[in-house]
Amino acid sequence: EKLRSVFIVGKAGTLTGGRGDVMLPSFFVKQGTGDVYRVDNCLSRDDFPKDFPFRIHTGGPMLTVDGTFMQNDDVLTYFRDHWGALGVEMEGIPYVRAVAQAVLRGRISKKVSVGVAYYASDAPLQGDTLSMPLGDTGLVPVYAVTEAVLQRIGGLDQ
C-alpha cells in the first residue's frame, strides 16, 4: 500500500543516437514475437538539467532481445526504421510485465508511478560497441538518470 513508484534503470545500445545519450521509452517490443508492452513513463526531458551534454530520446520503444551478441545491423535497422526503436536491451519486458501483473493482482496500487531510463553504453549501428572502453563517458548520464529518479522519488510526497 505504501509503494508509490517503480523505476527501471539500465544501460542499453542506442539505435538513434550516440554513446552517453539517454533513452526514455514509452513502450517495449519483443524481438521475435512482436509483443508490445506499454509503459506510462513518468520520466521526461524535463527531469534532466537544461545543460545536459547528451541527447535525450523519447516517445519510441526499446527493443527487448534475448541476447545482444546475436544481433545484426539489418535487424536493428528494421526495428529503428519501422518501429521507431530508441535502443536495444535485454531485461525491460520482464520488469514491465512484473509491475503490470502486480497491479492486476492488486499487490500494488494502479496509481504507482513507473519510470524507465537507459543510458547508451554503445551505438551498435555506428560500430561503437561495448568492445570499446566506455571510460568516463558513462558517468554523466548515469548520474543524471540517478538524480532524475531521486528527484521524482523526493517529489512524490508533495
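Observations on the model:
- Across the chain, Cα pairs under 8 Å and at least six residues apart give a relative contact order of 39 percent.
- Computed helical MRE - 222 nm, the chain, DSSP H runs ≥ 4 contributing -39500 (n - 2.57), nearest 500: -8500 deg cm²/dmol
- Amide H contacts for Phe7 (H built 1.01 Å from N in the peptide plane; partners 5 or more residues away or on another chain; cut-off under 5 Å): Gly115.
- Estimated translational D of the chain in µm²/s (Stokes, Kirkwood radius over Cα pairs; 4 °C; 1.567 mPa s): 81
- Hull volume per residue, based on the alpha-carbon atoms of the stretch 39-121 and their convex hull, is 115 Å³.
- Under a Gaussian network description of the chain, with springs only between Cα atoms under 10 Å, the residue in Val29, Val142, Val112 that fluctuates furthest is Val112.
- Tyr95, Tyr37, Tyr118, reordered so the largest accessible area comes first (probe 1.4 Å): Tyr95, Tyr37, Tyr118
- Given Lys11/Lys110; Lys2/Lys50; Lys30/Lys110, the pairs whose alpha carbons are separated by over 29 Å: Lys2/Lys50
- Solvent-accessible area assigned to carbon and sulfur over the stretch 6-118 amounts to 52 percent, based on a 1.4 Å probe.
- Remark: relative contact order (the stretch 41-124) = 37 percent; criterion is Cα-Cα distance under 8 angstrom and separation of 6 or more residues.
The values are calculated or read from the model by the stated rules, or taken from the named source; none is laboratory data. This is a predicted model, so every value here is computed, not measured. Just the protein is used for accessible areas: all its heavy atoms, side chains included, with ligands, DNA and RNA removed. Shrake-Rupley method; radii C 1.70, N 1.55, O 1.52, S 1.80 Å.
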